[in-house]
Every structure is written in structure tokens, then in C-alpha cells.
Amino acid sequence: MSNLTDLRQRFFIADSPVRGDVVRLQHSYATITAQKEYPESIKRLLGEMLTAASLLIGTLKIDGTLSIQLQSSDENSLINWAMAECDQSGIIRALASWKQETEAQQQAWAAKSTANEAFAELGAPGKGVMFINIQPKGGEAYQGIVERSYDTLAECLAHYQLQSAQIPTLINLACDGLQAGGILVQMLPLTAEEQYEIEQNESAGIDDDLWMRLSLLTRTVKFEELTTLDAREIIYRLYNEEQVVVPEAVELQFGCTCSRSKCEAAIAQLGEAEALEIIAEQQGMFEMDCGFCGSIYRFTKDDVEQIFA
Ligand SMILES: [Zn+2]
């Protein structure tokens, strides 16, 4: 493994239905957050969201993309929306929109530094909207609504996993503005075969205290550990008394899925009249820039007419 700083490391507790992942982000996170001059707290929230998306897609068997989207429902909120996604091959990207037009808004952002402060801008628990979108390659998209019933992204997502998939899940996220990291631990349902095995042979029954013990251990992980230690070191520190199995890690890296043909599709959606109007307003050039990666796509009047030809 050449890259220890941007990865998802799976782990299993031997002979148990417990599975987990640790995600660490550094270079990819720095590249993503350098695209805009984000206020510190949004930058950190994006780190947590990227980590969470990278952890959650690891729990799915689909080949596709998982994105987490936050949407403010209050027009006075300083944050408009934020999104982060990860695909099955480990390509991640993120973007956020916020208000900073007035001096008061700028001062308010300057006074915030944690991810939770940016998250709180969605409104009090119960307010704001949070989605998980799953887009399988060539398949039908699925959207789940995550209840905003807690003050932190991690707690809301853990609650969502328990509610939607009935899987006990622990999630811990951290981001210091330079690096991000997180851990997800799940107790998977037993297969019929495993259940049978246990009923037949009581002595081979699963360790009843395991989940309780892992919950306590997982809660002891420190913010600094999640943002600075290697994934394997984090797993070792937390669970060295358990029999942990650690397979090969998955590398995570920044990448964008924007393309000229996607822009053309967006222009086609707009309609010819509107597209030509924009061309006229913008001195004969339709420019579309991608906030995720900074790419700029330019379309002349001829190009636009070609789209509708
Ligand atoms: Zn792009």
C-alpha cells in the first residue's frame, strides 16, 4: 500500500458479525477544499461529510455512487447546501454553498470553527433536510431522508442506519481542517446458516457482550487520533484485545465526473431560446464552470445551435 493518508480500511472481529471501516483523508481533502475559500467550519463539515460518504458506500454492495446532501430550509441560515460523494472505486468530491455577502455574515462565519457549528446552521434539530442518495451504475437511484434529530452529522447518520437498515451502527467523524478521519462499526444480522449453527451448538454462541464492549471502546477514540493516526493504528489502539482481521485497504482520491457532454445535456434541458438569450447576455459565450473541480466549459452560439440541431 503506497498511500496511507487517503484510504478506507476495513476490519472484522474474527468469528463475530461485527464489521467496521476506518477512513482517513488528507491529500484528497486538501485538493477538494482548495477549490473555494471555505469558512473554516464549512471546510471541516465537508471533511466529515466526505469521510461519512466514504464510510457509508463501504457498507453497500452496489457499484455506483453515494452522496450525502444537506439542505437548509431556513432562508436566514448561513449555509445554503453542502454535498459530498464517494463512488465504489474510491473517487470522492464535495461542494458547499453559503452566505457571506454582508459584513455580519462574514463575521458570523469568522466566529465559527467547528464542523458542528456549520451543521447547526441547518437549524435546530428537526429543521433542515439531509439526504442520502445512492446511484447504482445504470440502475435506479434511491434517496433516503435522514432525520435531523441530533446535533452532529455522525449521530444523525448512525441513527439513520439503525432506522433504515435495522443495523446497529456506531459512527465517529472528525476533521481538523487539514485532515479528516472517521470510523464506522456495524453489527450485521446473522445469516440463517449462522443462526442455525448457534442454535445447534450452544458453546459456539456469539459473545453476548461483544457489541457492548465495542461500543464502549469505539467511543474512546479521540478526535486527534481520527485525524492524525494511520487507519491500522487506530484499529489496533481500539481493539487490540479482540481478534481483528484487516484486509487490503481501498485507496480514496479526488475526482470529478463533470464533462462537456453533461454540460450539453444541461443546455438542452434549458431550451434553445433561453440558451441563446444567455449567449447574447454574455458576449456570445455560454460558460459553465464546475464548482467541484474548477473546470470551465465554453459554448459559442454555433455550439449551442449544434446542440439543438
Ligand atoms: Zn468537475
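For this structure, a couple of remarks:
- Phi angles of region 293-302 translate, via the Karplus equation with coefficients 6.51, -1.76, 1.60 and θ = phi - 60°, into HN-Hα couplings of 10, x, 5, 10, 10, 10, 10, 7, 4, 4 Hz per residue; Gly and Pro are given as x.
- Estimated 222 nm signal from helices in the chain, with DSSP H stretches of n ≥ 4 weighted -39500 (n - 2.57), rounded to 500: -11000 deg cm²/dmol
- Under 28 Å of direct C-alpha separation, and excluding same-chain neighbours fewer than eight residues apart, residue 262 reaches these lysines: 36, 43, 61, 99, 137, 301.
- Protein accessible area in the chain, 1.4 Å probe - carbon and sulfur %: 49
- Mean accessible surface per residue for the chain, computed with a 1.4 Å probe while every protein chain stays in place, in Å²: 51
- Exposed GluC sites (Glu not before Pro) absent: longest stretch of the chain, with sites in DSSP loops and at most 14 other Cβ within 10 Å deemed exposed: 148-240
- Relative contact order for the chain, counting Cα pairs under 8 Å that sit 6 or more residues apart, in percent: 24
- Three-way shape call for the chain based on the alpha-carbon gyration tensor, with the a/c threshold at 1.5: prolate
- Sparsely packed loop sites in region 79-186 (the trypsin sites (Lys or Arg not before Pro) outside DSSP H, G, I, E and B with at most 11 other Cβ atoms within 10 Å) comprise 137.
- For region 19-81, the list of trypsin sites (Lys or Arg not before Pro) that fall in a loop by DSSP and count at most 13 other C-beta atoms within 10 angstrom reads 61.
- For region 174-191, backbone phi angles converted through the Karplus equation (6.51, -1.76, 1.60; θ = phi - 60°) give residue-by-residue couplings of 8, 8, 9, x, 10, 9, 10, x, x, 9, 10, 10, 10, 9, 6, x, 6, 6 Hz, Gly and Pro being listed as x.
- Estimated vicinal HN-Hα couplings, Hz - region 208-216 in sequence order (Karplus 6.51, -1.76, 1.60; Gly, Pro = x): 4, 8, 3, 5, 4, 5, 5, 4, 5
- Charge dipole (debye, nearest 20) of the chain; +1 at Cβ of Lys and Arg, -1 at Cβ of Asp and Glu: 440
- Antiparallel content of DSSP bridges confined to the chain, in %, to 5: 95
- Within the chain, 86, 156, 175, 263 have no other Cys Cβ under 4.7 Å of their Cβ and so lack a disulfide-compatible partner by this rule.
- 67, 73, 295, ranked by accessible area, largest first (probe 1.4 Å): 73, 295, 67
- Listed by chain and number, the aspartates and glutamates whose alpha-carbon sits under 18 Å from that of residue 112, ignoring those within fewer than 8 places in the same chain, are 37, 40, 48, 101, 103, 121, 151, 176.
The values are calculated or read from the model by the stated rules, or taken from the named source; none is laboratory data. All values reported here derive from a predicted model rather than from experimental measurement. So basically every Cβ, Gly included, is an ideal-geometry build from the backbone, and we count neighbours across all protein chains shown. Remember, those area values only see protein heavy atoms, side chains included, never the ligands or the DNA or RNA. Shrake-Rupley method; radii C 1.70, N 1.55, O 1.52, S 1.80 Å.
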